Amino acid sequence: MSDYSQLDDQQLGELLQSLLRHPTAEQDPSSLQHELRVHQVELEVQNRDLREIQQQLEASRQRYLTLYELAPVGYLQLDDRGWIRQSNSAGAALLQQSAEKLVGRSIDDWLSDSADRQRFRQHLDACLAEPGQTHQLELLIRHHDAPPRAVLVISQAVEYRYPARECLTVLVDITDRNRIAALQHDVQHDPLTGLANRTLLMQRLELALQRAARHETFHFALLFVDLNRFKAINDRLGHETGDQLLIALAAQLQTFVRQVDLAARLAGDEFVILLEDISGLQQAVQIAERIVETLKKPLRLASGQELFVSVSIGIASNSGHHDSAAELLHEADTAMYRAKRDTRQAAIEIFHPEMHAEEMARLDREQELRQALERDDQLLLYFQPVVALADGRIQELEALVRWQHPRHGLLCPEDFIDVAEETGLIEPLGQWVLHRACEQLQGFRTRFPALRNLCVSVNLSSRQCRNSNLAQHLATILKRTGLPGACLNLEINEHQPIRDTTCLTELPEQLRQLGVDLSIDDFGTGFSTLSHLPCLAPKYLKMDPSVIAHLGDQNPRSRIPLAILGLARQLELEVVAKGVETPAQRDFLHRAGCRLGQGGLFSPPLPAAALEKLLAHQSGEVTRHCR
Ligand code: C2E
Ligand code: MG
């Protein structure tokens, strides 16, 4: 027998071919020796192939073993009890144990949470029940002396020889991924309510704008939702309740958003809802109306407390051209401010381009008012007499501010008080009015000693009411001008005591100490709670002009002034009827027991010089009468 192992592959192949095709002459191809030779060569060829395959397999095994060990994820082989049969280095590192020591241990040893252990058992059972199917779950792997790691477990059961089954499990450390996801969530969400924050809203809004630019049929809208009087609620009930209210409102708003929409909290009590893929503006309006309607029922806070709240909603849609998301948001914001300002109308406003011009005008007005206050040469104080209905004699004065605007002429408070209130300019403006009113009245009192009991009423804004320094300011002004506190009367709006509890608590007592009176203005228009009246002890209830507008009609409202007068009598309070314009009104009120009136019938608000003439006349009469 020859030794063929020295031959290389090619030589062996050629030999086999030639043996098959050209048997040597001395050998009969059918002879046993020839067959044996052919067979031997064939076996040698197969042997060579097998050796090669074996080498390839070994190389492949080594390659996979290296990859197995190098892999950054843990590879485990588990038996059907969940015990570890083998682990790669990453698995060992994740479980903080050498690969050898892991053998025979259960993953349960790293699961301190019983719920996690149960979930892992179920995971294993599910894998073993369906070999070849992949299952996965997230677990928290705990260590004694290191922070827990979040791990994604991916397993598949394999069946080699029945019944020997095992689970091939991959462990992926997702702690950092989760942390990044959590960070990303934090970066994009409001921690208090869990809603999206401004960052996420703006991203989504940009995307919506881009989509709308590509697809003509894609419509979206923004609802800018602002809680009315949130500050007052916060002040009255505390910040904890305020926070609970924001959380409850956020949850309520979430019920109006679909999967494609987004509810966000921008800041404080400002929420925005992005409605995507809507049929048009009308759909946005309907959703806004449903929000307003739903909030007519009280909101239930986590503490169990129930609060009635209302919102103002501004709507802007992608109709029209928008350069940026910020522009669209600004439009919704502008519309919301309009809704908020116009509290008597619906709480919903749709943005229209003229609002921008109006907003600019308001900004201009604010700047001009600021300058007017700084320069102190455009603001004027007018005075309107309050007279005795019986004889028309002046009993009191109401100070009413005017603004001699360089371009627009003489402006009434309705043209600038709101701007002043919104911007805080009402504080210096109110100070100016108080000082000028006291100074002017003191001047009249000095000039007309017969009228030394004359008082001046000054309207107080809600901001001034809340200002804790008000009493101190008043004391300074009274001291500087020399006016006795008893000659000053402050008018607060009927709604004020309900809005600001300061009006019920500190303010009346502080005024009492200064000898200054308090009156309730616009009485009969708001939600005055009668129970507050004794605590406020007002000098006057100033009946709103709208209350007496229907006097003499068949209208049931015509009886309201009589009801107010009856109430005042019972509480021993004096009523001033404002807006008396006709002798008939005067006579009716007088007959009904109303002693004081104010209105066009007697005198419009007058500049100090004009009023001085009236006072001089009355003073002369008084003096003559006294003689
Ligand atoms: P108010 O306190 O109710 O003042 C009375 C308003 O009624 C004045 O309007 C006065 O001009 C107007 N009036 C006078 N006679 C008649 C009449 O016969 N019929 C009717 N319907 N109205 C009459 P004015 O001066 O435009 O002031 C409007 C409001 O602006 C005031 O209402 C007050 O709430 C506010 N206001 C005026 N001055 C000040 C101020 O110095 N500070 C603050 N915070 N508010 C002020
Ligand atoms: Mg008034």
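Counting the residues of region 596-607 that are open to solvent by 20 Å² or more (accessible area, probe 1.4 Å) and either assigned to a strand (DSSP E or B) or farther than 15 Å from Asp391 by Cα (or both) gives 5.
Looking at region 456-482, which of its residues are within 16 Å of ligand 1 (Cβ to nearest atom), among the aliphatic types (A, V, I, L, M) and part of a helix (DSSP H, G or I)? Answer for region 456-482, where residues must be within 16 Å of ligand 1 (Cβ to nearest atom), among the aliphatic types (A, V, I, L, M) and part of a helix (DSSP H, G or I): Leu470, Leu474, Ile477.
Here Ile53 passes the criteria (1) open to solvent by 100 Å² or more (accessible area, probe 1.4 Å); (2) assigned to a helix (DSSP H, G or I) except the one numbered (1).
Taken over region 454-493, the criterion of being more than 16 Å from ligand 2 (Cβ to nearest atom), free of Cβ contacts under 8 Å to residues at least 40 places away in the same chain and touching a Cys at 6+ places or on another chain (Cβ under 8 Å) is satisfied by Ala486 alone. Determine whether region 174-192 contains at least one residue that is touching a Phe, Trp or Tyr at 6+ places or on another chain (Cβ under 9 Å) and open to solvent by less than 80 Å² (accessible area, probe 1.4 Å). No: region 174-192 contains no residue that is touching a Phe, Trp or Tyr at 6+ places or on another chain (Cβ under 9 Å) and open to solvent by less than 80 Å² (accessible area, probe 1.4 Å).
Pick from region 395-405 the residues that are within 16 Å of ligand 2 (Cβ to nearest atom) and not basic (Lys, Arg): which of them is surrounded by the most Cβ atoms within 10 Å (Cβ to Cβ)?
Restricting attention to region 395-405, the residues satisfying the condition of being within 16 Å of ligand 2 (Cβ to nearest atom) are 395-402.
Subset that is not basic (Lys, Arg): 395-401.
On the way: Gln395: 17, Glu396: 23, Leu397: 29, Glu398: 24, Ala399: 24, Leu400: 20, Val401: 23.
Restricting to residues being within 16 Å of ligand 2 (Cβ to nearest atom) and not basic (Lys, Arg), the top hit is Leu397.
Considering the conditions (1) away from ligand 2 (no atom under 16 Å from the Cβ); (2) crowded, with 16+ Cβ neighbours inside 10 Å, His408 is excluded by exactly one of them, (2).
Say whether the condition of being open to solvent by 30 Å² or more (accessible area, probe 1.4 Å), under 17 Å from the mean Cα position of the chain (by Cα) and in contact (Cβ under 8 Å) with a residue 60 or more places away in the chain is met by at least one residue in region 194-202. The answer is yes; a qualifying residue exists. Take the residues of region 216-243 that are under 17 Å from the mean Cα position of the chain (by Cα) and open to solvent by 40 Å² or more (accessible area, probe 1.4 Å): which is modelled with the highest pLDDT? Per the stated criteria, the residue is Asp243.
The one condition from (1) open to solvent by 50 Å² or more (accessible area, probe 1.4 Å); (2) modelled with pLDDT of 95 or more; (3) within 15 Å of ligand 1 (Cβ to nearest atom) that Asn489 does not meet is (1). Across region 8-27, which residue is modelled with the highest pLDDT among those that are touching a helix residue (DSSP H, G or I) at 6+ places or on another chain (Cβ under 7 Å) and in a loop (DSSP other than H, G, I, E, B)? My answer is Pro23. Out of the residues in region 147-170 that are over 14 Å from Leu111 (Cα atoms) and among the aliphatic types (A, V, I, L, M), state the one that is surrounded by the fewest Cβ atoms within 10 Å (Cβ to Cβ). Filtering region 147-170 for residues that are over 14 Å from Leu111 (Cα atoms) and among the aliphatic types (A, V, I, L, M), the one surrounded by the fewest Cβ atoms within 10 Å (Cβ to Cβ) comes out as Ala164.
Hey, could you check region 541-561 for residues that are modelled with pLDDT under 90 and among the basic types (Lys, Arg) and say which is nearest to ligand 1 (Cβ to nearest atom)? Per the stated criteria, the residue is Arg557. Tally up the residues in region 411-436 that are surrounded by fewer than 14 Cβ atoms within 10 Å (Cβ to Cβ) and without any contact (Cβ under 8 Å) to a residue 24 or more places away in the chain, please. Looking only at that region, the number is 2. Which ones in region 555-595 are surrounded by fewer than 15 Cβ atoms within 10 Å (Cβ to Cβ) and at positive phi? Within region 555-595, Glu572, Gly593 qualify.
Close Cβ contacts (under 7 Å, 6 or more residues apart or on different chains) running from residues in region 389-403 that are among the polar types (S, T, N, Q) to residues that are surrounded by 18 or more Cβ atoms within 10 Å (Cβ to Cβ) comprise Gln395/Val386; Gln395/Val387; Gln395/Leu596.
Do we find that Glu349 is among the acidic types (Asp, Glu), away from ligand 1 (no atom under 15 Å from the Cβ) and more than 32 Å from the chain's Cα centre (by Cα) in this structure? Here the answer is no, as Glu349 does not meet what is asked. Scan region 244-282 for residues that are within 19 Å of Tyr337 (Cα to Cα), among the acidic types (Asp, Glu) and crowded, with 21+ Cβ neighbours inside 10 Å and the total you get is 1.
The residue that is surrounded by the fewest Cβ atoms within 10 Å (Cβ to Cβ), among those in region 283-339 that are touching a residue at least 12 places away in the same chain (Cβ under 8 Å) and acidic (Asp, Glu), is Glu289.
The values are calculated or read from the model by the stated rules, or taken from the named source; none is laboratory data. What you see is a predicted model; the values in this text were computed from it and never measured. Please note: Cβ atoms are built from the backbone with ideal geometry, for glycine as well, and neighbour counts cover all protein chains shown. Heavy atoms of the whole protein, side chains included, go into the accessibility calculation; ligands, DNA and RNA do not. Shrake-Rupley method; radii C 1.70, N 1.55, O 1.52, S 1.80 Å.
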